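A short worksheet on the structure shown next.
Just so you know, all these numbers are worked out from the coordinates, no wet-lab data involved. The model shown is predicted, which means the values in this text are computed figures rather than measured ones. All Cβ positions, even for glycine, are placed from backbone atoms using ideal geometry, and neighbour counts span all protein chains on display.
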Amino acid sequence: MYILAIESSCDETSSSVIRAETDACGVPQLTILSNRIASQIPLHTVYGGVVPEIASRAHAEAVSSLTYEALQEAGISVSDLGAVGVTAYPGLIGALLVGVNFAKSLAFANNIPLVPVCHIWGHIAANYFTHPELKPPFLALVASGGHTSIVHVKSYTEFETIGRTRDDAIGEAFDKVARVMGMPYPGGAEMDRIAYEGDASYLKLPSAAIADETLDFSFSGLKTAVINHLNTLAQKDLPYNRADVAASFTQAVVSSVVKKLDAALRRTGETKLVIAGGVAANSHIRTALEQYCAKHTNIRLYLPEKKLCGDNGAMIAAQAYFEYSAGVRGDTTLNARATL
Ligand code: KG4
Ligand code: ZN
C-alpha cells in the first residue's frame, strides 16, 4: 500500500510517500518514494530559536505544494493512497494544527483512512528504512531538539519510556551552548564538527546522567556549567577556544548517554540498541556507541541514516503504517496535542 504522511511539529514542513509491503516471512518492507522537506531554519535563525507563530505560518504556506510535489515525485495520485498519516503530537501546538487540519481535509475529502502518529515514535521508525531486518523488541535512545528519552520498544506500536530528561533536551543543550558562543541556530551540527579540533580535557563538567537508580538525565546543569564558565571569561575579558568548549561539552554528553544506555540495556535485557532523532546524527555519539557495542558483543547497534535523523515525513509514514496495521484511525474530531 501507499502511505502519504505530513510532518509539521516544529520547524520543518515535510510531506512524504512510502510504499509498505510485507515480505514472504511477514517482515515489513518500507520504501521511500518521496520525502520533501521545507526547512524553516533561515526564518528562525535571526531570532536564535524557533518562533512558534512564524513556524505555523510557514507550515501553512508550504504544506499544500509540498504534498503535491511529494505525490508527483512518487508517481502516484491521491486515489492510490491507502492511508494518510500525520504527526498529531507532541510539538508546537499551532504548528501541529496546520498538519493535522491539512491531513484531515485530504483524508476525508477523498475517503482515505487517517492515521495520527506520535512524532517520537516516528523518529524511532526511521530506522526501519535503514535496517529492514530490525524488529521489536529493542531499546531506543530518542535524542532531538525537543525530546530526550530512553524507550523500551516492545512491539511496532507499544512503547514504554523508561528514562527521560528532567529538564532540557540534548539538542536544546547543544544549541544553547552554541548560541552563547555566537554560533548560528541550530548549532548542534557545527558543535559536532568543531569538537574534533578541540581538547576535551579543557573543562571538567558535571555528568548529565542523574546519579540515582533511574534512567533519567539532566542536561540543564551541564549546559549551565558551560555557560557560567563562558560568562566568567567574558566578565574578565579572557579569550577561549570554541572547539575546546565543544569538545569538553560533547565528551560530557557522550559519557552520560553511554552510562544510562548501559544501565538500560542491563535492566531490560535487550540486545538491540537503536538511536533516533536529530542528535542521532552526532558523530561522537555514534562512534562512542559503536565502541561500546564492540566491547559488549552481545549488543547489536542500529544507527539511522543521517538524512533520516532530523524531522521528516517518511518517518511519520513508516509509523503510520504500523499504527494503521494495528487498527488506529483518526476521525473528524482528531486534534493536535502539544505533549506526549
Ligand atoms: O529531531 P530534530 O530534527 O527536531 C526535533 O524534533 O527537535 O532535532 C533537531 C536537533 C537540533 O537541536 C539540532 O541542533 C540537533 O538536532 N542536531 C545535532 C546534530 N545534528 C542536528 N546535535 C548534535 N550533533 C549533530 N550532528
Ligand atoms: Zn523531531
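Of all the residues that make up the range 16-40, how many are within 16 Å of ligand 2 (Cβ to nearest atom) and either over 11 Å from A62 (Cβ atoms) or part of a strand (DSSP E or B) (or both)?
Of the range 16-40, the ones within 16 Å of ligand 2 (Cβ to nearest atom) are 16, 35, 37-40.
Imposing the further condition that a residue be either over 11 Å from A62 (Cβ atoms) or part of a strand (DSSP E or B) (or both) reduces the set to 16, 35, 37-39.
The total comes to 5.
Could you give me the residue pairs with C-beta distances under 8 Å whose first residue belongs to the range 20-33 and is closer than 17 Å to N312 by Cα, whose second residue is small (G, A, S) and assigned to a loop (DSSP other than H, G, I, E, B) wherever it lies, and which are 6+ apart or on separate chains?
Taking only residues 6 or more apart or on different chains, the pairs are L33/G75.
Got a sec? Which of A263, A246 is closer than 28 Å to G221 by Cα, buried (at least 20 other Cβ atoms within 10 Å of the Cβ) and more than 16 Å from ligand 2 (Cβ to nearest atom)? Working first, answer last.
Values: A263 fails: buried (at least 20 other Cβ atoms within 10 Å of the Cβ).
From the options A263, A246, the qualifying one is A246.
For (1) of a type in the set (G, A, S); (2) touching a Leu at 6+ places or on another chain (Cβ under 8 Å); (3) more than 10 Å from ligand 1 (Cβ to nearest atom); (4) over 18 Å from N127 (Cβ atoms), each residue gets a yes or a no:
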| position | (1), (2), (3), (4) |
| --- | --- |
| S144 | yes, no, no, no |
| S155 | yes, no, yes, no |
| E158 | no, no, yes, no |
| K176 | no, no, no, yes |
| R179 | no, no, yes, yes |
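Given the criterion hydroxyl-bearing (S, T, Y), within 16 Å of ligand 2 (Cβ to nearest atom) and over 14 Å from I275 (Cβ atoms), identify the matching residue among T148, T157, T165.
Answer to the check: T165.
Please work out which one of (1) surrounded by 21 or more Cβ atoms within 10 Å (Cβ to Cβ); (2) under 29 Å from T148 (Cβ atoms); (3) small (G, A, S) is the condition A70 fails and give its number.
Of everything listed in (1) surrounded by 21 or more Cβ atoms within 10 Å (Cβ to Cβ); (2) under 29 Å from T148 (Cβ atoms); (3) small (G, A, S), A70 misses just condition (2).
For the range 291-310, state whether one or more residues are in a helix (DSSP H, G or I), closer than 21 Å to N127 by Cα and in contact (Cβ under 8 Å) with a residue 40 or more places away in the chain.
The answer is yes, given that some residue of the range 291-310 is in a helix (DSSP H, G or I), closer than 21 Å to N127 by Cα and in contact (Cβ under 8 Å) with a residue 40 or more places away in the chain.
Does R57 count as of a type in the set (K, R) and assigned to a strand (DSSP E or B)? Can you show your working first?
Values: of a type in the set (K, R): yes; assigned to a strand (DSSP E or B): no.
Spelling it out, it is not the case that R57 is of a type in the set (K, R) and assigned to a strand (DSSP E or B).
Starting from residues that are part of a helix (DSSP H, G or I) and within 16 Å of ligand 2 (Cβ to nearest atom), keep the ones in the range 173-197 and report whichever is surrounded by the most Cβ atoms within 10 Å (Cβ to Cβ).
Of the residues in the range 173-197, the ones part of a helix (DSSP H, G or I) are 173-180, 188-197.
Applying the additional criterion that residues be within 16 Å of ligand 2 (Cβ to nearest atom) yields 173-175, 188-189.
Numbers: A173: 31, F174: 29, D175: 25, G188: 24, A189: 16.
Only one residue tops the list, namely A173.
Please find, within the range 133-142, the residue that is farthest from the chain's Cα centre (by Cα) out of those that are under 20 Å from A263 (Cβ atoms) and either free of Cβ contacts under 8 Å to residues at least 12 places away in the same chain or more than 15 Å from ligand 1 (Cβ to nearest atom) (or both). Full working, then the answer.
At the first step, the residues of the range 133-142 found to be under 20 Å from A263 (Cβ atoms) are 137-142.
After this cut, where a residue has to be either free of Cβ contacts under 8 Å to residues at least 12 places away in the same chain or more than 15 Å from ligand 1 (Cβ to nearest atom) (or both) as well, the list is 137-139.
Working: P137: 19, F138: 17, L139: 15 Å.
That would be P137.
Taking F129 as meeting all but one of (1) more than 13 Å from ligand 1 (Cβ to nearest atom); (2) in contact with a helix residue (DSSP H, G or I) (Cβ under 7 Å, 6 or more places away or on another chain); (3) farther than 13 Å from Y302 by Cα, write down the number of the exception.
The failed condition is (3).
Just name the residue that is nearest to ligand 1 (Cβ to nearest atom) out of those in the range 272-313 that are of a type in the set (S, T, Y) and more than 30 Å from R19 (Cβ to Cβ). Walk me through it before giving the result.
Taking the range 272-313 as the starting set, the residues that turn out to be of a type in the set (S, T, Y) are 283, 287, 292, 297, 302.
So of that shortlist, the ones also more than 30 Å from R19 (Cβ to Cβ) come out as 283, 287, 292, 297.
Details: S283: 6, T287: 12, Y292: 18, T297: 27 Å.
That would be S283.
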